[in-house]
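A.B. asks: Dropping the structure in here first, questions after.
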């Protein structure tokens with residue numbers, strides 16, 4: 001995570017773009033999450049899709065956590081970095097919030113009600129207001145997207161054409177690992 005923070009910091013310094021993380025996150029799609037994204041796209045409900053990401057995030061990201069908090073009739077889908085000494089935390093969290101915003105729109109068909117940012121408002125919130133359609137709430141206690149606890153079912157405008165199979169035949173799995181090439185016999189080696 002520290003290396004990623006160093007990269008973000010170098011990019012912000014090189015470009016002078018104070019909303020660099022927002023720009024990175026704008027490019028995120030559920031499909032870019034690989035197998036977890038496929039699970040999310042084929043979840044029966046938006047809540048199940050978010051829980052898929054929360055449950056599997058630790059398998060491919062270290063130094064941060066994705067969480068889902070239910071409070072009354074609202075839900076907070078949040079992100080936090082926990083690795084000490086990580087630079088550019090605000091920029092990385094900007095990217096995560098923009099990514100999550102894309103995921104919410106893609107999976108539910110509607111944007112979140114609020115975007116919470118855990119830092120002071122930048123001098124120019126224009127890029128944030130333009131992208132989100134609303135001004136994020138700054139100086140919040142967490143980085144999170146807030147939406148109704150019972151959002152609509154997952155949007156099926158673009159379901160995964162090849163849903164993941166939990167029971168692939170072993171020979172098909174091995175063939176996929178070899179890139180589809182046939183297995184060579186011991187005699188040919």
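The values are calculated or read from the model by the stated rules, or taken from the named source; none is laboratory data. The structure displayed is predicted, hence computed values, not measured ones. Neighbour counts are summed over all protein chains in view; Cβ atoms, including those assigned to glycine, are modelled from backbone coordinates with ideal geometry.
A.B. asks: Inside the stretch 12-28, can you point out the residues that are touching a residue at least 60 places away in the same chain (Cβ under 8 Å) and over 19 Å from residue 143 (Cα atoms)?
C.D. replies: Passing the criteria: only 12.
Yes/no matrix, rows are residues, columns are (1) in contact with a helix residue (DSSP H, G or I) (Cβ under 9 Å, 6 or more places away or on another chain); (2) surrounded by 15 or more Cβ atoms within 10 Å (Cβ to Cβ); (3) within 27 Å of residue 129 (Cα to Cα):
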| residue | (1), (2), (3) |
| --- | --- |
| 6 | no, no, yes |
| 52 | yes, yes, no |
| 56 | yes, yes, no |
| 59 | yes, no, no |
| 68 | yes, yes, yes |
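A.B. asks: Just give me the residues in the stretch 34-50 being touching a helix residue (DSSP H, G or I) at 6+ places or on another chain (Cβ under 7 Å) and more than 16 Å from residue 145 (Cα to Cα), in sequence order. Talk me through it step by step, then tell me what you get.
C.D. replies: Filtering the stretch 34-50 down to residues touching a helix residue (DSSP H, G or I) at 6+ places or on another chain (Cβ under 7 Å) leaves 36-37, 39-41, 43, 46, 49.
Across the stretch 34-50, the qualifying residues are 36, 37, 39, 40, 41, 43.
A.B. asks: Here is a list of conditions, (1) part of a helix (DSSP H, G or I); (2) within 11 Å of the chain's Cα centre (by Cα), and residue 28 meets all of them except one; can you say which number that is?
C.D. replies: Going through the list (1) part of a helix (DSSP H, G or I); (2) within 11 Å of the chain's Cα centre (by Cα), residue 28 breaks only (1).
A.B. asks: Also, quick follow-up: Name every residue in the stretch 21-36 that is closer than 11 Å to residue 107 by Cα and either crowded, with 20+ Cβ neighbours inside 10 Å or at pLDDT below 90 (or both), in order of residue number.
C.D. replies: Passing the criteria: only 30.
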